[in-house]
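First comes the structure, then the notes that go with it.
The values are calculated or read from the model by the stated rules, or taken from the named source; none is laboratory data. Everything quoted here is computed from the prediction, not taken from an experiment. A quick note on method: Cβ atoms are made from the backbone with ideal geometry, for glycine too, and the neighbour counts reach across all protein chains shown. Accessible surface areas use protein heavy atoms only, side chains included; no ligands, DNA or RNA. Shrake-Rupley method; radii C 1.70, N 1.55, O 1.52, S 1.80 Å.
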Amino acid sequence: MIYLDNAATTLHKPPQVEQAILEALHTAGNPGRGAHEPTLHAARIVLDTRLALAELFHVPDPSCIFFAANATMALNTVLNGVLHPGDHVITTVCEHNSVLRPLYRLRAQGVEVSFTGVDAAAQLCYDQWETLLHPTTRALVVTGASNVTGNGTDLARAADFAHRHGLLFIVDAAQTAGAQPIDVQQLGIDALSLPATRHFWGRRHRRSYVRPSLRVAPLLVGGSGVHSFDEMHPLQMPTALEAGTLNVHGLAGLCAGVRWLLEQGVENLAAREAALARLFYEQVRTAPGVTVYGDMAMQPRAPIVALNIAQEDSARVADILWEDYGICVRAGAHCAPLMHKALGTVEQGVVRFSFSHFNTEQEVQQAAQAVCALAREILCE
């Protein structure tokens with residue numbers, strides 16, 4: 001089996017991640033809910049994870065990192081917690097539904113939403129931001145990189161625009177956190193949503209960073225382990241945004257993954273992944289009937305190559321790649337409907353190959369050969 005669906009969830013993990021999870025299963029209690037060793041050990045795991053993430057993303061205060069169950073919860077927490085009726089938001093057609101659907105619901109409640117388009121190479125039209133600006137604009141919400149094309153967002157340019165106009169700068173880093181260096185202080189990011197299942201190899205547990213002093217209304221309230229007689233949920237971070245029991249076992253694996261990433265160096269791993277994506281692209285881009293989406297020359301970008309073969313349904317291509325070649329990819333809309341409208345692939349979808357530094361050049365060569373062979377077969381049908 002050749003696993004090339006890393007943009008969804010990484011499959012191959014450092015052994016330290018599995019070891020940390022197994023150890024936590026046997027030793028960790030409920031953090032913040034007692035004073036015995038198992039619960040204290042769980043609390044140390046949670047703190048160590050915050051500290052590791054703070055080091056990786058240059059977060060000034062580890063308490064500014066909160067943990068959520070998944071991407072949807074993290075982004076809903078931030079977006080619903082800072083936007084109110086009468087506010088205006090600028091975002092992009094590159095966004096995932098984890099951003100789009102919360103914004104659509106907020107729009108129905110009185111928040112105005114404007115979308116930045118892309119050009120023929122699926123690159124953001126940054127100049128549109130100035131034309132979309134309103135007196136009521138409160139936030140700029142962007143993805144670090146498209147999960148369809150891999151095209152990256154120029155975060156420095158986005159940050160400059162947001163800061164010049166006094167906007168909140170919110171970044172969905174699902175495809176870039178851990179794969180590219182991100183300094184939240186240097187960029188002045190107000191909120192950053194981070195995945196656990198892609199470049200960190202943790203179990204499903206989503207993290208978000210919010211800037212110190214930025215008040216985010218909680219999405220959930222309930223048990224916190226502190227101030228139990230208060231009717232209101234605690235306001236102090238990170239407890240303010242972490243109602244209920246945390247997934248300590250998942251956090252143990254996440255912490256091990258982040259520490260491993262810091263030891264290896266984000267830049268080193270990113271270069272490896274970029275080289276694998278480029279190797280694949282160079283071998284399939286001229287294959288007959290193959291259309292590749294996005295701009296492979298632009299930097300930064302996620303290690304993704306999205307393609308179609310003639311007019312063949314992307315799901316059928318993915319099925320054949322798995323059944324005949326043992327290659328795991330993802331096909332379809334990838335929860336990014338506006339990007340597909342921009343690409344003209346609403347009906348066909350795209351086949352997405354996404355690479356990890358755990359992949360080998362031999363695997364990439366085999367996958368490229370399979371695409372070329374399949375393209376020839378389809379054109380002859």
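For segment 298-317, the condition holds for no residue, the condition being that it is in contact with a helix residue (DSSP H, G or I) (Cβ under 7 Å, 6 or more places away or on another chain), without any contact (Cβ under 8 Å) to a residue 24 or more places away in the chain and either hydroxyl-bearing (Ser, Thr, Tyr) or closer than 16 Å to residue 151 by Cβ (or both). Being crowded, with 17+ Cβ neighbours inside 10 Å, out of contact with any strand residue (DSSP E or B) (no Cβ under 8 Å at 6 or more places or on another chain) and of a type in the set (D, E, K, R) is not true of residue 363. Among the residues of segment 310-334, the one identified as more than 25 Å from the chain's Cα centre (by Cα), on the phi > 0 side of the Ramachandran plot and open to solvent by less than 30 Å² (accessible area, probe 1.4 Å) is 326.
Residues of segment 288-295 include none that is surrounded by fewer than 18 Cβ atoms within 10 Å (Cβ to Cβ) and assigned to a helix (DSSP H, G or I).
Search segment 57-69 for residues that are crowded, with 23+ Cβ neighbours inside 10 Å and pair each with any residue that is among the small types (Gly, Ala, Ser) when their beta-carbon atoms are under 7 Å apart and the residues are at least 6 apart or on different chains. Close Cβ pairs (under 7 Å, with a partner that is among the small types (Gly, Ala, Ser)) amount to 65/54; 66/208; 68/74; 68/208. Figure legend. Inter-residue proximity from segment 269-284: first residues within 13 Å of residue 301 (Cα to Cα) and free of Cβ contacts under 8 Å to residues at least 12 places away in the same chain, second residues open to solvent by less than 60 Å² (accessible area, probe 1.4 Å) and among the hydrophobic types (A, V, I, L, M, F, W, C), beta-carbon distance below 8 Å, spacing 6+ or different chains. No pairs are indicated.
For the residues 261, 269, 279, 251, the requirement of being assigned to a helix (DSSP H, G or I) and either of a type in the set (D, E, K, R) or open to solvent by 30 Å² or more (accessible area, probe 1.4 Å) (or both) singles out 279. Looking across segment 1-14 at every residue that is at pLDDT 95 or above and open to solvent by 20 Å² or more (accessible area, probe 1.4 Å), the one that is nearest to the chain's Cα centre (by Cα) is identified as 5.
With respect to the conditions (1) at pLDDT below 90; (2) over 18 Å from residue 102 (Cβ atoms); (3) among the basic types (Lys, Arg); (4) in contact with a strand residue (DSSP E or B) (Cβ under 8 Å, 6 or more places away or on another chain), residue 211 lacks only one, and its number is (1).
Evaluation of residue 370 against the conditions (1) open to solvent by 30 Å² or more (accessible area, probe 1.4 Å); (2) in a helix (DSSP H, G or I); (3) in contact (Cβ under 8 Å) with a residue 24 or more places away in the chain shows that the sole unmet condition is (1). Of all the residues that make up segment 15-31, how many are in contact (Cβ under 8 Å) with a residue 40 or more places away in the chain and open to solvent by 80 Å² or more (accessible area, probe 1.4 Å)? Residues flagged as in contact (Cβ under 8 Å) with a residue 40 or more places away in the chain and open to solvent by 80 Å² or more (accessible area, probe 1.4 Å) within segment 15-31 amount to 4. For first residues located in segment 244-262 and free of Cβ contacts under 8 Å to residues at least 60 places away in the same chain, partners that are of a type outside the set (A, V, I, L, M, F, W, C) and lie 6+ apart or on another chain with Cβ distances below 7 Å form the pairs 244/222; 244/223. Considered as a group, the residues in segment 78-99 that are surrounded by 18 or more Cβ atoms within 10 Å (Cβ to Cβ) and either modelled with pLDDT under 95 or among the small types (Gly, Ala, Ser) (or both) include one that is farthest from residue 207 (Cα to Cα), and that residue is 81. Of all residues in segment 118-149, those satisfying the criterion of being of a type outside the set (A, V, I, L, M, F, W, C) and surrounded by 14 or more Cβ atoms within 10 Å (Cβ to Cβ) are 123, 126, 128, 137, 138, 143, 144, 146, 147, 149.
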